[in-house]
1. Is it the case, given these coordinates, that residue 84 is touching a helix residue (DSSP H, G or I) at 6+ places or on another chain (Cβ under 6 Å) and at pLDDT 95 or above?
2. So, in region 100-131, how many residues would count as being outside any helix (DSSP H, G or I) and over 17 Å from residue 192 (Cβ atoms)?
3. Looking at 173, 156, 96, which one is over 17 Å from residue 203 (Cα atoms) and at pLDDT 90 or above?
4. Out of all the residues in region 208-222, is one or more within 24 Å of residue 129 (Cα to Cα) and surrounded by 19 or more Cβ atoms within 10 Å (Cβ to Cβ)?
5. Name every residue in region 221-235 that is at negative phi and in contact (Cβ under 8 Å) with a residue 12 or more places away in the chain, in order of residue number.
6. Restricting attention to region 169-178, which residues are over 13 Å from residue 194 (Cα atoms) and crowded, with 19+ Cβ neighbours inside 10 Å?
7. Can you spot a residue in region 184-200 that is over 25 Å from residue 240 (Cβ atoms), surrounded by 17 or more Cβ atoms within 10 Å (Cβ to Cβ) and over 16 Å from the mean Cα position of the chain (by Cα)?
């Protein structure tokens, strides 16, 4: 082997060693980067998990506040907390069988307990009067829908925006003879139409300071007569198609 070949082999050997060193360094760098990324991923995952836990806690707190506010509105009129719980369950069922998305059904279940929040601003003498209202008292009582809407309408939270609609429209009637705006038919928001039926079903079957509880046959007769009058006919049909489920909710959540 001549001198030139020896020199070439030596240079190749040097290149081979340098390549091996470079390769080893790259492997070590990649492994070190993997460890760093793994630590970073774990840290990011932990931060993400903490944020999600906080989000869930905030949502649960919001739901609890909404339900509590609804219960306060009902308690001032001497009604039990089970009224709003039953109404919540009824609205969920009606929304589900009406075809609303699951998320919307769940939100309405959370928002519907706020339907009578405006009652907190009604004087006790009117709110808890044992007997029928005179015209002046009825006018005062009917303001609770507008009052409830005024309390909630400026919220930026989707749940409270929904609750504002429920409070405002759950006393509208399908025939346009309700209040506060005499809105008719499907111009009444579906949240209002659903809560109207759920609220009346529970109210009629419960004793109040001004009336005794109605028996089922009387309630069912009234609902059939008010199909397309007070209530959305499609919702009345849903109610009777799934009557067993509504009665089961009522029977398992009785007033104490």
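1. For residue 84, the condition - touching a helix residue (DSSP H, G or I) at 6+ places or on another chain (Cβ under 6 Å) and at pLDDT 95 or above - is not met.
2. Total meeting the criteria: 7.
3. Values: 173 fails: over 17 Å from residue 203 (Cα atoms); 156 fails: at pLDDT 90 or above.
Step by step, each of 173, 156, 96 is checked, and only 96 is over 17 Å from residue 203 (Cα atoms) and at pLDDT 90 or above.
4. no
5. 222, 223, 224, 229, 230, 231, 232, 233, 234, 235, listed by residue number.
6. Selection gives 178 alone.
7. Keep residues of region 184-200 that are over 25 Å from residue 240 (Cβ atoms), which gives none.
So far as region 184-200 goes, no, none of its residues is over 25 Å from residue 240 (Cβ atoms), surrounded by 17 or more Cβ atoms within 10 Å (Cβ to Cβ) and over 16 Å from the mean Cα position of the chain (by Cα).
Okay, residues lined up against (1) touching a residue at least 60 places away in the same chain (Cβ under 8 Å); (2) surrounded by 17 or more Cβ atoms within 10 Å (Cβ to Cβ); (3) farther than 23 Å from residue 107 by Cβ:
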position: 128; (1), (2), (3): yes, no, yes
position: 132; (1), (2), (3): yes, no, yes
position: 135; (1), (2), (3): no, no, yes
position: 139; (1), (2), (3): no, no, yes
position: 149; (1), (2), (3): no, yes, no
position: 152; (1), (2), (3): no, yes, no
position: 156; (1), (2), (3): no, no, no
position: 159; (1), (2), (3): yes, yes, no
position: 164; (1), (2), (3): no, yes, no
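The values are calculated or read from the model by the stated rules, or taken from the named source; none is laboratory data. Here the structure is a predicted model, which is why all the values come from computation and not from measurement. Cβ sites come from the backbone with ideal geometry, for glycine too, and all protein chains shown count toward neighbours.
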